[in-house]
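Since the structure comes first, as structure tokens, the remarks are kept for the end.
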Amino acid sequence: MDDITGKIALVTGASRGIGRAIAIALAREGADVAINYHSREEEANSVALAIRELGRRSIAVRADVSDGRQVERLVGTVEAELGSIGILVNNAGIARPQPLQEITEQDWDELIAVNLTSCFLVTQAALPAMRARRWGRIINLSSVAAQLGGVVGPHYAASKAGMLGLTHSYAALLAKEGITANAIAPALIETEMVSSNLRARTDLIPVGRLGNVEEIAAIAVLLAKNGYLTGQTISPNGGWYMT
């Protein structure tokens, strides 16, 4: 397993939930971590403070990662203040549970932009430094919705399924350059996003409970440290979908 001490990580959407847990878990393993957030400045700053209290460097950077210009500023800021990004966790995303007949073209466009286009934009911006160093870890937070349809809607499921295609392509194209790309596809984790969805019920999960963010963070750490695992989707879903 690779030692990630001193590596620079960027976690998008890291002010709360799964992103927050991954950021702190990577810091505990020795990484310096940039916290990206969209609107929750106070929460993002608290994550950065928690990481600094662990003895690692951290900054919080506001950016809409579905906007290419803001992504360029985000990556440039991280590189200037912390260094070249070696570990990228594409976690930023939104869910909009809606009845099928109420999903509009605007809803579709927004979920694809925030969940999928952002993954492409941030990865493309971070890749030059990874390729120059011939070392990198790309970790994409997909969902069981990509595999089963989920409990949000087809717009969300399509955005998360697209992340798997991106993961496979980057893994295949970059394997000889020391860069891995993998996806995590969780189901019903105890977060604000899940608790606000009335269709998210524990009786859907064979193990009979929701997952917790630390269980997902542990997988992200594994993927950050493992140079032989690439092109894979890890599915922590309590047995809902079996690969």
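The values are calculated or read from the model by the stated rules, or taken from the named source; none is laboratory data. The model shown is predicted, which means the values in this text are computed figures rather than measured ones. We place every Cβ from the backbone using ideal geometry, glycine too, and count neighbours over all the protein chains shown.
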Take the range 10-53 and flag every residue that is over 25 Å from Leu116 (Cβ atoms), out of contact with any Lys or Arg (no Cβ under 6 Å at 6 or more places or on another chain) and not acidic (Asp, Glu). Ile24, Arg28, Gly30, Asn45, Ser46, Ala48, Leu49, Ala50, Ile51, Arg52
Going through the range 11-43 one residue at a time, which ones are hydroxyl-bearing (Ser, Thr, Tyr) and surrounded by 22 or more Cβ atoms within 10 Å (Cβ to Cβ)? Thr12, Ser15, Tyr37
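For every residue, the table says whether it meets (1) more than 24 Å from Ala63 (Cα to Cα); (2) surrounded by 17 or more Cβ atoms within 10 Å (Cβ to Cβ); (3) hydrophobic (A, V, I, L, M, F, W, C); (4) in contact (Cβ under 8 Å) with a residue 40 or more places away in the chain.
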site	(1), (2), (3), (4)
Thr123	no, yes, no, yes
Pro128	no, no, no, no
Ile138	no, yes, yes, yes
Lys160	no, yes, no, yes
Gly165	yes, no, no, no
Ser169	yes, no, no, no
Leu173	yes, no, yes, no
Glu192	no, no, no, yes
Filter result (in a helix (DSSP H, G or I) and either within 19 Å of Ser142 (Cα to Cα) or out of contact with any helix residue (DSSP H, G or I) (no Cβ under 9 Å at 6 or more places or on another chain) (or both)) within the range 71-108: Arg73, Thr77, Ala80, Glu81, Gln101, Glu102, Glu105, Gln106, Asp107, Trp108
Restricting attention to the range 196-203, does a residue exist that is over 24 Å from Gly6 (Cα atoms), in contact with a Lys or Arg (Cβ under 9 Å, 6 or more places away or on another chain) and in a helix (DSSP H, G or I)? yes
Quick check: is even one residue across the range 47-62 modelled with pLDDT of 95 or more, of a type in the set (D, E, K, R), under 27 Å from Leu111 (Cβ atoms) and outside any helix (DSSP H, G or I)? yes
State the number of residues belonging to the range 140-151 that are touching a residue at least 40 places away in the same chain (Cβ under 8 Å), part of a loop (DSSP other than H, G, I, E, B) and crowded, with 23+ Cβ neighbours inside 10 Å. 3
Please determine, by comparing only the residues of the range 199-218 that are modelled with pLDDT under 90 and more than 22 Å from the chain's Cα centre (by Cα), which one is nearest to Gln98 (Cα to Cα). Arg199
List pairs: first in the range 19-36 and over 18 Å from Asn140 (Cβ atoms), second among the basic types (Lys, Arg) and in a loop (DSSP other than H, G, I, E, B), Cβ under 8 Å, 6+ apart or cross-chain? Ala27/Arg56; Gly30/Lys7; Gly30/Arg56; Asp32/Lys7; Asp32/Arg56; Asp32/Arg57
For the range 205-217: of the residues being closer than 22 Å to Asn140 by Cβ and in contact with a helix residue (DSSP H, G or I) (Cβ under 7 Å, 6 or more places away or on another chain), which is surrounded by the fewest Cβ atoms within 10 Å (Cβ to Cβ)? Glu214
Would you check if Gly68 is on the phi > 0 side of the Ramachandran plot and among the small types (Gly, Ala, Ser)? no
